[in-house]
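Okay, handing you the structure first.
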Amino acid sequence: MKLSVPGRTTAAAVIAVAGLLTTSAISSAAPSPTAAAPDISVANVQAHLSEFQSIAASNGGNRAHGSPGYKASVDYVKGKLDEAGFTTSVQEFTSNGKTGYNLIADWPGGDADQVVMAGSHLDSVDSGPGINDNGSGSAAILETALTVAREQYKPAKHLRFAWWGAEELGLVGSSHYVDELPADERSKIKDYLNFDMIGSPNPGYFVYDDDPTIEKTFKDFYGGLDLTTEPDEEGDGRSDHAPFKNAGIPVGGLFSGADYEKTAEQAQKWGGTAGEPFDKCYHSACDTESNVDGTALDNNSDAVAHAVWGLSA
Ligand code: DTR
Ligand code: ZN
Ligand code: ZN
């Protein structure tokens, strides 16, 4: 269900659906019925968040790099993807004397020389379960991948999804992946989409402004929801898109805000509370399931699917 921010008319929802059906026509590929993304079930996304919360609760309260909670998170996501028919691989690396893991999942088919990739870091900080940061991004791309399988989507381009380790230590997992990728493999990645914190409780709607085509794909989706986004000015170099951008790969993504405060103007257009942080539990023990705004998670999960479908058609 595509929702706009609280208080907007249902007309926006109608426009959203209509908009979705037309905006995919502007993707780089020729429009086709398969290019229109399906709705991502926010209930399913939230079920993944509940699993991440349970994993943290059973493993010392966090899912941090090197912890049993992180490895259990990888095992959960991998199990879902294997069951759905993805080709998965786990890439190990060492950081701070502990073993880290990246999980890579390829959807069979599509042009292997044209890869559209979506990624999120799966690790939390030591101080909490990391449900918004970054269970939200991890769960959204997991459910998008599972929807690809459920729909048996067969895009022209090849789809790859990734869950990164040790982002909180300094983009360690994603940097390891890019560094280890042979140059010819790197050149096949046409777009990298990053989703880190997309369910903030006092949400903003920020779109990475690194690549204009990817940025437009997201902005057009939100236009269909009658939602005005802002460029993510704070995020440069602060999440897993940075190693890909440094390697010359077009990047984009979404962000709903961290510990800086929402302005009155932003509250006017997005709802929520001015003068308060977008996420008051950023990097804290209170970053739990109750620290996620369902509407932002829903909208952003649908935006993930819109971009994955639109850029890979
Ligand atoms: N580095 C991410 C959160 C993050 C991403 N973009 C920004 C911008 C401003 C502050 C934080 C972030 C993390 O903590 O996982
Ligand atoms: Zn973080
Ligand atoms: Zn993060």
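The values are calculated or read from the model by the stated rules, or taken from the named source; none is laboratory data. Please read all numbers here as calculations on a predicted model, not as lab measurements. All Cβ positions, glycine included, derive from the backbone under ideal geometry; neighbour counts span all protein chains shown.
Quick one: which helices (runs of 4 or more DSSP H) sit completely within the range 115-198 and have at least 2 residues that are within 16 Å of ligand 1 (Cβ to nearest atom) and farther than 20 Å from residue 302 by Cβ?
172-180
In the set 145, 166, 183, 149, which member is free of Cβ contacts under 8 Å to residues at least 60 places away in the same chain, over 30 Å from residue 269 (Cα atoms), hydrophobic (A, V, I, L, M, F, W, C) and away from ligand 3 (no atom under 11 Å from the Cβ)?
Among 145, 166, 183, 149, only 183 is free of Cβ contacts under 8 Å to residues at least 60 places away in the same chain, over 30 Å from residue 269 (Cα atoms), hydrophobic (A, V, I, L, M, F, W, C) and away from ligand 3 (no atom under 11 Å from the Cβ).
Within the range 83-107, can you find the residues that are assigned to a loop (DSSP other than H, G, I, E, B) and touching a His at 6+ places or on another chain (Cβ under 9 Å)? Break it down into steps so the answer makes sense when it comes.
We begin by selecting, within the range 83-107, every residue assigned to a loop (DSSP other than H, G, I, E, B); these are 85-86, 96-97.
The answer is 96, and nothing else.
Of the numbered conditions (1) touching a Phe, Trp or Tyr at 6+ places or on another chain (Cβ under 8 Å); (2) at pLDDT 95 or above; (3) within 16 Å of ligand 3 (Cβ to nearest atom), residue 193 satisfies every one except a single condition; which is it?
(1)
Among the candidates 213, 217, 229, single out the residue that is within 16 Å of the chain's Cα centre (by Cα) and either closer than 20 Å to residue 272 by Cβ or hydroxyl-bearing (Ser, Thr, Tyr) (or both).
217
Only residues in the range 211-222 that are assigned to a helix (DSSP H, G or I) count as the first member; pair them with residues that are at pLDDT below 95, Cβ under 6 angstrom, at least 6 apart or cross-chain, and list the lot.
220/23
In the range 260-280, is there at least one residue being away from ligand 2 (no atom under 16 Å from the Cβ), out of contact with any Lys or Arg (no Cβ under 8 Å at 6 or more places or on another chain) and of a type in the set (A, V, I, L, M)? Quick ask: steps written out before the conclusion?
Just the residues of the range 260-280 that are away from ligand 2 (no atom under 16 Å from the Cβ), to begin with: 261-276.
Pick out the ones that are also out of contact with any Lys or Arg (no Cβ under 8 Å at 6 or more places or on another chain) and you get 261-269, 271.
Right, trim to of a type in the set (A, V, I, L, M) and you get 264, 267.
For the range 260-280, residues away from ligand 2 (no atom under 16 Å from the Cβ), out of contact with any Lys or Arg (no Cβ under 8 Å at 6 or more places or on another chain) and of a type in the set (A, V, I, L, M): present.
Looking only at the range 236-257, how many residues end up being in contact with a His (Cβ under 8 Å, 6 or more places away or on another chain) and in a loop (DSSP other than H, G, I, E, B)?
Quick first cut of the range 236-257, residues in contact with a His (Cβ under 8 Å, 6 or more places away or on another chain) only: 239-240, 251-253.
Retained after the next criterion (residues that are in a loop (DSSP other than H, G, I, E, B)): 239-240.
Summing the residues that are in contact with a His (Cβ under 8 Å, 6 or more places away or on another chain) and in a loop (DSSP other than H, G, I, E, B) in the range 236-257 gives 2.
Considering only residues of the range 252-264 that are surrounded by fewer than 24 Cβ atoms within 10 Å (Cβ to Cβ) and more than 12 Å from ligand 3 (Cβ to nearest atom), which is farthest from residue 211 (Cα to Cα)?
Kept after step one, since they are surrounded by fewer than 24 Cβ atoms within 10 Å (Cβ to Cβ), are these residues of the range 252-264: 258-264.
Right, trim to more than 12 Å from ligand 3 (Cβ to nearest atom) and you get 260-264.
Details: 260: 24, 261: 26, 262: 25, 263: 26, 264: 28 Å.
Among those residues, the one meeting the criterion is 264.
Pick from 95, 138: which is hydroxyl-bearing (Ser, Thr, Tyr), at pLDDT 95 or above, touching a Phe, Trp or Tyr at 6+ places or on another chain (Cβ under 7 Å) and within 16 Å of ligand 2 (Cβ to nearest atom)?
Among 95, 138, only 138 is hydroxyl-bearing (Ser, Thr, Tyr), at pLDDT 95 or above, touching a Phe, Trp or Tyr at 6+ places or on another chain (Cβ under 7 Å) and within 16 Å of ligand 2 (Cβ to nearest atom).
How many residues does the range 251-283 hold that are within 27 Å of residue 307 (Cα to Cα), touching a strand residue (DSSP E or B) at 6+ places or on another chain (Cβ under 7 Å) and among the charged types (D, E, K, R)?
1
Here is a yes/no grid of residues against (1) within 16 Å of ligand 2 (Cβ to nearest atom); (2) within 14 Å of the chain's Cα centre (by Cα); (3) more than 25 Å from residue 148 (Cα to Cα):
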residue: 161; (1), (2), (3): no, yes, no
residue: 164; (1), (2), (3): yes, yes, no
residue: 169; (1), (2), (3): yes, no, yes
residue: 177; (1), (2), (3): no, no, no
residue: 186; (1), (2), (3): no, no, no
residue: 190; (1), (2), (3): no, no, no
residue: 193; (1), (2), (3): no, yes, no
residue: 199; (1), (2), (3): yes, yes, no
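Pick from the range 209-250 the residues that are within 9 Å of ligand 1 (Cβ to nearest atom) and at pLDDT 95 or above: which of them is farthest from residue 123 (Cα to Cα)?
Checked the range 209-250; the qualifying residue farthest from residue 123 (Cα to Cα) is 232.
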